[in-house]
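Written out below as structure tokens is the structure these notes cover.
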């Protein structure tokens with residue numbers, strides 16, 4: 001099987017700068033056959049932008065020079081290194097104090113998609129139905145899991161943007177990994193920052209991704225849709241579609 005991709009990031013309508021960062025490589029990155037990442041930075045002026053961009057760049061650099069071939073170990077080591085370096089920078093320079101970033105990544109190998117996430121950037125797989133693969137590391141999600149908040153009301157909760165995990169915040173970063181082994185020909189994976197999911201609900205996203213047009217058209221429609229609903233945050237989308245060799 002092979003993979004096609006398209007990524008798009010947008011400042012939105014209410015922010016002064018874009019603190020999201022997107023990485024998209026259909027070609028091998030070190031021992032990984034491909035690599036896709038979305039990071040959503042947080043912090044003061046330029047700090048969030050630095051955190052997201054530097055985290056992705058450090059991860060890519062670490063993977064490229066590593067001799068590790070086990071994908072989960074390889075990604076874990078690279079993310080942990082990025083976490084240490086971002087944290088060190090935040091302690092050494094007051095301009096970057098308290099910065100951090102979410103991270104969602106994907107690497108597709110054969111019929112399996114390897115996913116990692118920290119924070120509330122998400123990955124969905126859209127085929128016959130849409131599935132959210134990642135779980136948000138957020139205060140609101142914790143409240144939902146404990147039965148203290150209805151998911152429908154969570155979208156408008158005042159604390160919906162408080163995340164419980166991020167790269168660069170604590171000494172030992174806790175990473176979730178998922179291995180999705182039921183990817184089928186034509187399925188689409190969507191990686192995105194919360195600038196998309198806070199503006200569009202899952203049904204809106206599913207309708208656009210299942211609708212007409214190529215990946216570029218779908219990505220643009222997702223971003224435009226989020227902006228039309230208010231564009232309160234930076235918006236990043238990365239679409240991956242898998243094909244059997246004879247349908248490429």
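Observations
- All conditions in (1) at pLDDT below 95; (2) surrounded by fewer than 20 Cβ atoms within 10 Å (Cβ to Cβ); (3) not in a loop (DSSP other than H, G, I, E, B) hold for residue 131, with the sole exception of (1).
- For residue 119, the criteria (1) over 11 Å from residue 166 (Cβ atoms); (2) buried (at least 24 other Cβ atoms within 10 Å of the Cβ) hold in every case but one, which is (1).
- Taking each residue of segment 226-240 that is more than 18 Å from residue 6 (Cβ to Cβ) and looking for partners that are assigned to a strand (DSSP E or B) and at pLDDT 95 or above with beta-carbon atoms closer than 8 Å, six or more apart or interchain, yields 231/10.
- You will find that of 98, 44, 12, the residue that is touching a helix residue (DSSP H, G or I) at 6+ places or on another chain (Cβ under 9 Å), buried (at least 19 other Cβ atoms within 10 Å of the Cβ) and part of a loop (DSSP other than H, G, I, E, B) is 12 and no other.
- Failed item, numbered, when residue 18 is tested on (1) assigned to a loop (DSSP other than H, G, I, E, B); (2) over 26 Å from residue 87 (Cα atoms): (2)
- Tallying residues that are more than 9 Å from the chain's Cα centre (by Cα), in a strand (DSSP E or B) and closer than 17 Å to residue 5 by Cβ within segment 101-124 yields 8.
- Extreme residue, nearest to residue 118 (Cα to Cα), among residues of segment 53-93 that are outside any helix (DSSP H, G or I) and at pLDDT 95 or above: 70
- Residue in segment 158-173 that is free of Cβ contacts under 8 Å to residues at least 60 places away in the same chain, out of contact with any helix residue (DSSP H, G or I) (no Cβ under 8 Å at 6 or more places or on another chain) and closer than 20 Å to residue 128 by Cβ present: no
- Only listed residue being farther than 18 Å from residue 137 by Cβ, touching a strand residue (DSSP E or B) at 6+ places or on another chain (Cβ under 6 Å) and buried (at least 24 other Cβ atoms within 10 Å of the Cβ), chosen from 23, 36: 36
The values are calculated or read from the model by the stated rules, or taken from the named source; none is laboratory data. All values reported here derive from a predicted model rather than from experimental measurement. Reconstructed Cβ throughout: ideal geometry from the backbone, glycine too, with neighbour counts over all protein chains shown.
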